[in-house]
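Everything below concerns the one structure shown next.
The values are calculated or read from the model by the stated rules, or taken from the named source; none is laboratory data. On a predicted model such as this, the values are computed, not experimentally measured, just so you know. Cβ atoms come from the backbone with ideal geometry, glycine included; neighbour counts cover every protein chain shown. Just the protein is used for accessible areas: all its heavy atoms, side chains included, with ligands, DNA and RNA removed. Shrake-Rupley method; radii C 1.70, N 1.55, O 1.52, S 1.80 Å.
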Amino acid sequence: MSFKEIQNPQAIEAKRLPIITEELGPHSFTDREFPVVQRVIHASADFDLGRSLVFHPRAITAGIEAIRAGTPIIADVQMVAVGISAARLARFGNAVRVYIGDADVAANAQAQSVTRAIMAMRKAAQDAPHGIYVIGNAPTALLELIRLTQAGVARPSLIVGVPVGFVSAAESKEQLMALDVPFIANRGRKGGSTIAVAIVNALAILAGQPES
């Protein structure tokens, strides 16, 4: 691409999608899942990560419906919260909430000898049990959310579970995939806040499109 072209966002968009489609090659993603996969690959330049994505059969529909209904979005960390596009969500009125920095979360975590990520999920489940939960950083947050869901305390509309790391990241995602709730996750240690954000922003774009 010329320097002039790379200054044009439409030109970049027009180039990246065919490149991703061609380099990814054959896949089993549905037409509704593939835009999410594309955006994850675009955010990471990691085709293996894209291939590792796993979608609950109702994930895309549930995510779109929840966004359109103005359902709160619960992020595990501030980095996820700030990356989610407020402009794309503005028409639906979704609040993006993150609890891990709250003073009461920190105090209760210390008192109970658990991580702030765990305590943040407990607070979130009380505040927004039906929220869209987006976990990109903390495996302990995902494990606690799974426990709360199994206990009936949390009833998420959708769980985006893509924490990154060497301790419990892969295991937490495998546990998520065993739940009968709408989820988007990936297998293995890869993931992260950028990936979580890419998934939510892709769903927000889909929610803003007219039904075909």
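Of the set (1) open to solvent by 10 Å² or more (accessible area, probe 1.4 Å); (2) in a helix (DSSP H, G or I), all apply to Val167 but (2).
When the stretch 192-210 is limited to residues that are of a type in the set (S, T, N, Q) and open to solvent by 30 Å² or more (accessible area, probe 1.4 Å), the one that is farthest from Phe47 (Cα to Cα) turns out to be Gln209.
Looking only at the stretch 61-83, which residues are of a type in the set (A, V, I, L, M, F, W, C), open to solvent by 30 Å² or more (accessible area, probe 1.4 Å) and not in a loop (DSSP other than H, G, I, E, B)? Scanning the stretch 61-83 gives Met79, Val82. For Arg187, the stated conditions hold: it is at pLDDT 95 or above and surrounded by fewer than 18 Cβ atoms within 10 Å (Cβ to Cβ). Filtering the stretch 84-117 to residues that are open to solvent by 30 Å² or more (accessible area, probe 1.4 Å), closer than 27 Å to Ser168 by Cβ and part of a helix (DSSP H, G or I) leaves Ala103, Asp104, Ala106, Ala107, Asn108, Gln110, Ala111, Gln112, Arg116. For the stretch 118-141, filtering for residues that are part of a loop (DSSP other than H, G, I, E, B) and among the small types (Gly, Ala, Ser) leaves 4.
Find all pairs meeting these conditions: Cβ atoms under 6 angstrom apart; at least six residues apart or on different chains; first residue within the stretch 115-128 and β-branched (Val, Ile, Thr); second residue buried (at least 21 other Cβ atoms within 10 Å of the Cβ) and not in a helix (DSSP H, G or I). Taking only residues 6 or more apart or on different chains, not a single pair turns up.
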